[in-house]
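No value in this document is a laboratory result; all are computed from the given coordinates. All values derive from a computational prediction rather than experimental measurement. Cβ atoms come from the backbone with ideal geometry, glycine included; neighbour counts cover every protein chain shown.
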Amino acid sequence: MGEPTTDRTEMWKAVKWTMILLVALLVAVGVFKAWQIATAPARAVSEAAGSVKSGASAVLNRLDVPIIKQRRFDKVANRAFSVLNTLEEAPAEGVKARGFRLTNFRGAEDRVCEMSHDFGAGAVPVFVAADNAAHEAAKAVASDADRLIRIVIVSPEETLGLYVEFDEDSGHWGLGWRPSSIKKPYPDSWAEAPVTDILGRVAKFCPPSL
């Protein structure tokens, strides 16, 4: 008579553990669903932030200009930066000129090179300056970093802004459009040649101070 009782006890134990596992599974599913509901806003924000970051990267990629003749570009950019970094300070005259420099050449410390350049439809004013303030701060800690040149081309129809910046990781100078020129009417392939010419003429039009 003892064996049936043992079998029945084992059966109830199996049923009990099955029920426990089923309840635990239901609780786990409920907790997961609750977590999904509770974290939905945060996940939505995170996904939106990722989308914005991806969009920003796409914009930045559109601003970068691939350099074909890198060796020549590096040479003229190095020379131009050296000249611009040692220009004598020449404060702008007039409210309009001061506002133009404040908008386009913050950090140049009034060392702005002015010239003209013919892009094929007649000469237009071109302004070139280095971000001397940032470079001076780098030199204070024995670094040759933060080398940046800003170029602004002014024509009757539009004002285009470009920048030339040294990349310490690659050891080369890069070229890009300023964000304000993202809707420029020219392809990236247009920019390298005229900018190289402009940089090469900096020493002639704005020789460094002795």
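A few remarks follow.
- Cα→Cβ-extended label distance, 7 Å offset, between Met115 and Lys16, nm: 9.2 nm
- Proxy reagent accessibility, fewest Cβ within 10 Å first, across Val65, Val27: Val27, Val65
- Counting Cα-Cα pairs of segment 160-210 in 10 Å increments starting at 0 gives whole-percent bin shares of 20, 44, 32, 4, 0.
- Volume per residue of the C-alpha convex hull in segment 66-205, rounded to whole Å³: 119 Å³
- Neighbour counts of other Cβ atoms within 10 Å put Met11, Met115 in the fewest-to-most order Met11, Met115.
- Label point distance in nm, Glu88-Ser189, each placed 7 Å from Cα along Cα→Cβ: 4.5 nm
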